[in-house]
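Below is one structure, written out as structure tokens; comments come after it.
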Amino acid sequence: MEKNKKTKVDKTETVHNATKNLSIKYKQRDKDGKNSFESVIQKGLKNTLLHTPTKSRRISLKHGSLIPSAKIRTKALAKPITPLQEARLHVSTVPKSLPCREEQFNDIYTFLESKLMDNSGGCIYISGVSGTDKTVTVNEIVKCLKRSVEKGKLDYFEFVEINGMKLSDPRQAYVQILKQLSGKVLTWEQAYNVLEKKFNSNVKRPMTLLLVDELDLLCTKRQDVIYNLLDWPAKILKFLLD
């Protein structure tokens with residue numbers, strides 16, 4: 001029993017000695033008669049040694065101490081051999097053949113060729129899920145039509161291509177069309193007036209083939225841009241809408 005009492009007393013004294021610097025006494029009063037809560041803590045902190053590091057330790061690495069795990073390439077990369085390998089490297093590359101698009105290719109090509117041969121206007125709307133080769137197919141058809149012009153099978157025609165995603169405003173379509181046709185850069189109002197006058201005149205001129213990619217981005221509340229693009233083919237021109 002005496003041993004147990006001594007051990008309890010020793011533990012109590014040890015705990016008291018370790019915590020006496022930070023003990024808080026609510027019964028103690030300061031000069032104003034208030035509990036000196038903050039004063040007791042400040043006295044305890046004065047007796048406690050606090051070490052703040054003045055400089056952070058930084059591990060300096062010598063040049064060349066780190067070695068990459070990847071091996072150094074000793075041979076040059078092999079150049080693409082097949083059109084498929086080349087298409088994987090270049091997104092804009094058009095393969096020589098368009099598999100599973102023969103029927104659509106023939107339908108669009110026949111429509112455009114007949115309009116160019118008859119010098120008559122018309123519209124064709126091509127829709128589909130993104131990534132189904134709509135633009136690639138149309139561009140390949142235009143190349144085939146240009147080859148027919150070189151061979152003398154078709155008369156010369158002007159080709160204009162615009163993309164709705166590259167236009168800051170739908171009416172900028174007039175600016176881009178006029179720029180590709182004549183090289184002039186005007187405001188959209190001036191460009192529209194020039195195009196309207198040109199398309200309504202009876203002067204004989206080459207057929208114009210217009211490809212509008214992302215047509216839905218040209219929609220406005222008034223729908224004036226879409227209306228004009230669909231109305232101009234009723235004149236002597238030919239427009240292709242994608």
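Read-outs throughout are calculated quantities, based only on the coordinates presented, and are distinct from any laboratory measurement. These numbers come from a predicted model, not from an experiment. Note that each Cβ is placed from the backbone with ideal geometry, even for glycine, and that neighbours are counted across all protein chains shown.
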Mind listing which chymotrypsin sites (Phe, Trp or Tyr not before Pro) in the stretch 125-225 are in a DSSP loop and have 15 or fewer other Cβ atoms within 10 Å? 156
Tell me, what is the FRET efficiency for residue 227 and residue 75 to the nearest 0.05, using R0 = 51 angstrom and their Cβ-Cβ distance as r? 0.30
Which order results if 195, 217 are arranged by neighbouring Cβ count within 10 Å, fewest first? 217, 195
Could you pull out every residue, at least 5 positions away or on a different chain, whose amide H is within less than 5 Å of the one on residue 158? Hs are placed 1.01 Å off N in the peptide plane, and Pro or chain starts have none. 207, 208, 209
